[in-house]
Amino acid sequence: MKAEKTSDKIGRAILGAFLAALLMKIFLFDFMIAEGNSMLPAINPGAVLLVNKLSYGLKFPLAGSYIIRWAKPKKGDIVIFYTPRGELAVKRCAGLISGTLFLAYGDNGMVSLDSHFYGPVPVDNIVGQVLGIK
């Protein structure tokens with residue numbers, strides 16, 4: 001009888017830890033791997049990026065806009081966002097336009113597909129801000 005209670009507790013603890021980790025990944029932080037050369041020399045291909053999903057506000061997964069926004073990207077912020085073509089990208093914010101759009105430029109301008117190519121990006125397309133690069 002005690003063995004069953006102990007295994008139930010362990011099972012609930014594992015399930016609780018899994019759910020907590022899942023919620024953290026969905027709403028708080030995520031790790032992503034950089035691809036391409038557009039952010040050289042700041043970010044090398046294959047670098048692991050720590051992304052803070054709460055830097056600019058609260059956004060539910062697959063939601064088109066922020067539910068609550070408490071900040072907007074500042075010039076120089078490195079952000080992860082969906083391009084107007086629907087591709088996930090990492091670029092540096094070069095400035096806001098009318099508060100709802102931002103310009104995204106790669107550090108390696110010679111090879112970067114960025115706002116020079118697809119124009120300004122809606123702030124609501126931002127997934128999060130890069131906090132760390134390893």
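The values are calculated or read from the model by the stated rules, or taken from the named source; none is laboratory data. Quick caveat, the model's predicted, so the values are computed rather than measured. Cβ atoms come from the backbone with ideal geometry, glycine included; neighbour counts cover every protein chain shown.
Please specify each residue of the stretch 89-125 satisfying the condition of being part of a strand (DSSP E or B), at pLDDT 95 or above and either more than 19 Å from residue 69 (Cα to Cα) or among the aliphatic types (A, V, I, L, M) (or both). Within the stretch 89-125, 89, 90, 91, 92, 94, 96, 101, 103, 104, 105, 121 qualify. Among residues of the stretch 27-47 that are under 17 Å from residue 110 (Cβ atoms), none has a beta-carbon under 9 Å from a residue that is among the aromatic types (Phe, Trp, Tyr) and in a loop (DSSP other than H, G, I, E, B) at least six positions away or on a different chain. On the stretch given as the stretch 53-66, residues that are buried (at least 16 other Cβ atoms within 10 Å of the Cβ) and of a type in the set (S, T, N, Q) total 1. Output yes when any residue across the stretch 59-81 is more than 18 Å from residue 34 (Cβ to Cβ) and in a strand (DSSP E or B), and no when none is. Within the stretch 59-81, one or more residues are more than 18 Å from residue 34 (Cβ to Cβ) and in a strand (DSSP E or B). For the stretch 29-49, the count of residues that are surrounded by 14 or more Cβ atoms within 10 Å (Cβ to Cβ), touching a Lys or Arg at 6+ places or on another chain (Cβ under 6 Å) and in a loop (DSSP other than H, G, I, E, B) is zero.
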